[in-house]
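Read the structure below first, then the notes.
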Amino acid sequence: MSILAAAEGANPLIPPVGEIIIGTIAFAVLAFVVIKFVAPRFEQVFKARREAIEGGIERAEAMQAEAKASLEQYRAQLAEARTEAAQIRDTARAEGQQILEELRAQAQEESARIVARGEEQLAANRQQVVQQLRGQIGTLAVELAGRVVGESLTDDARRSGTVDRFLDQLDGMSATTASADGRGGSSAYAPQGDR
């Protein structure tokens, strides 16, 4: 009962002095451990996390800048390739057009050469036919004239004059016929060969 009587005299809200001293020493040791070991470790962890986050952001920004630079470089190369392709296409088109023009010119020259050669050959053949016909017509004309006139045209000078007059009249008639038909003088002999 003496304990109860002593306890009744003391304030129950105030802890005993021994507990306060032990509590203070325990708090001081705990505070020392937290301040000395735990708090720096928390600071290191927070610092490492902050650096990791900031480094990640910096790396992300650097990678984004690098990606943007790569994209710009790709776009520039693509534009350059398109320009080069357009130039190549235009050059090829121009070369193709030039080749076509050269081929057309060569074809026209070849065509003109063939036509000229054909005309020359036709003129030579015409001249040859005319000479042959003149000889044959001359002989026939002399014989016919000799029969009509009733005299012999054996004299070369007379025969030559008669033949020349006859051929001149024949040429005059063929030229008149050709101009009336709308054809050139060279075509007067063509229908006779076709008959």
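The values are calculated or read from the model by the stated rules, or taken from the named source; none is laboratory data. What you see is a predicted model, and the numbers here were worked out from it, not measured in a lab. With ideal geometry, Cβ positions are generated from the backbone for all residues, glycine too; neighbour counts draw on all protein chains shown. What goes into the accessible areas is simple: the full protein's heavy atoms, side chains included, and nothing from ligands, DNA or RNA. Shrake-Rupley method; radii C 1.70, N 1.55, O 1.52, S 1.80 Å.
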- request: For the stretch 1-152, with all protein chains present and a 1.4 Å probe, just round the carbon and sulfur fraction of the accessible area to a whole percent.
  value: 63
- prompt: Any idea of Arg93's accessible area? Nearest 10 Å², probe 1.4 Å.
  reply: 150
- prompt: In square angstrom, rounded to the nearest 10, how much accessible surface does Lys68 have for a 1.4 Å probe?
  reply: 130
message: Once ligands and nucleic acids are excluded and a 1.4 Å probe is used, how much of Leu100 is accessible, expressed in Å² to the nearest 10?
response: 80
message: Taking the Cα centre as origin and putting +1 on Lys and Arg beta-carbons and -1 on Asp and Glu beta-carbons, what dipole magnitude results for the stretch 14-177, to the nearest 20 debye?
response: 800
task: Skip the ligands, DNA and RNA, and give the accessible area per residue of the stretch 14-177 with a 1.4 Å probe, whole Å².
output: 84
message: Normalised radius of gyration for the stretch 1-136, please: alpha carbon Rg relative to 2.2 N^0.38 Å, two decimal places.
response: 3.91
message: Counting pairwise Cα distances across the stretch 50-96, what percent come out greater than 18 angstrom?
response: 56
